[in-house]
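Beneath this line is the structure, given in structure tokens, with notes to follow.
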Amino acid sequence: MRGQKEKPLKFWTDPLLKPAFLHARLSSKYYSKSFYISTMVLPPERRWATFALYGFCRFADNLIDNPRERSNDELIAEIDHLIRELGIAYRSGESEHPIIRSFIVVAKKFNIPIEYPVDLLNGVKMDIKINRYQTFDDLYVFCYRVAGVVGLMMTYVLGYKNPQAFVYAEKLGIAMQLTNILRDIQEDKNVDRIYIPLEELNRFNLTEQDILNETVNDNLRDLIKFHIEQANQYYHEAAIGIPMLYYDSQIAIKAASKIYSGILKKIEQNDYNPFLGRVYVPQSKKFNIIFREMIAINASRILHLFSQN
């Protein structure tokens, strides 16, 4: 109608930005079905922002996971270029880089500090330079950079009622990365990467060669069981922070946490043998988890509202 103000464009529908956001969504759907399914219960603005954030993180990971015919020096130069472009995008608010184009819109809108995506990229560089970790403290630095900071960035997107949520978001990121490490032991050793700290291998009377040779014995099972318990402890601690998020974000994060921790249960069911191929949570189970979390959190919210009256 004449005289009626036009509604402002939603950032993901802006004709200049829409292709970049669609690309980020497709990347999320292609590379992480668990993550993609979990985002479906988010409000549209947070969902599309999450796609942009995931797209950036996946692009960074793929520089190493799909290294192409490039030397380590060339890969590091590529990441350094990405860091420089990120700095310019934060200053200018725009980028023609296909993945930073959507990410910078989200980073600016939700006030994500630049040190987090830079930390992520430095974590990717660690994966080029380091293929063994001596202690868990050494490994934690890597886990923080490639996953802990993802939890921190997601907290800005999801919204929080208590700043302590950031402490628990980091823990959830660590839990998920430890899960990745356990799930991918076989794939990683095939490219000469062992993330289990050497100090811990030694504690369980194992060697690097045992991992490389896929030696399955009681010592290995005890090691895997130890790491599953360690990851589960991080999931348990991270759960404290979920109620600190906005209500409309809690279902997605709780579901994502349960879906991902379900990978650990699958490893347990394989008698703690990490060399039987990559384990996964079936699609039907994922939807089941989301449905249950929707019921549980909405029931909790109704009880909370009643208690306020």
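Overview of values
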item: Test result for THR135, over 30 Å from GLY87 (Cα atoms), buried (at least 16 other Cβ atoms within 10 Å of the Cβ) and either touching a strand residue (DSSP E or B) at 6+ places or on another chain (Cβ under 9 Å) or not aromatic (Phe, Trp, Tyr) (or both); result: no
item: Enumeration of residues in the stretch 102-115 that are among the aliphatic types (A, V, I, L, M) and either part of a helix (DSSP H, G or I) or assigned by TED's automatic domain parsing to the domain that holds ASP188 (or both); result: ILE104, VAL105, VAL106, ALA107
item: Selection status of PRO98, modelled with pLDDT under 95 and outside the structural domain of GLN230 (by TED's automatic domain parsing); result: yes
item: Residues of the stretch 113-146 that turn out to be out of contact with any Cys (no Cβ under 9 Å at 6 or more places or on another chain) and either charged (D, E, K, R) or closer than 20 Å to LEU63 by Cβ (or both), as a count; result: 23
item: Residue in the stretch 189-204 that is touching a Ser or Thr at 6+ places or on another chain (Cβ under 9 Å), surrounded by fewer than 15 Cβ atoms within 10 Å (Cβ to Cβ) and farther than 20 Å from LYS161 by Cα present; result: yes
item: Residues of the stretch 220-235 that turn out to be loosely packed, with under 15 Cβ neighbours inside 10 Å and polar (S, T, N, Q), as a count; result: 1
item: Lone unmet requirement of (1) within 25 Å of LYS129 (Cβ to Cβ); (2) in contact with a helix residue (DSSP H, G or I) (Cβ under 6 Å, 6 or more places away or on another chain); (3) polar (S, T, N, Q) for ASN202; result: (2)
item: Members of the stretch 91-114 found to be without any contact (Cβ under 8 Å) to a residue 12 or more places away in the chain and either closer than 22 Å to GLY159 by Cα or of a type in the set (A, V, I, L, M, F, W, C) (or both), listed by number; result: PRO113
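The values are calculated or read from the model by the stated rules, or taken from the named source; none is laboratory data. Being a predicted model, the structure only gives us computed values, none of them experimental. Every residue, glycine as well, gets a Cβ built from its backbone with ideal geometry; the counts of neighbours run over all protein chains shown.
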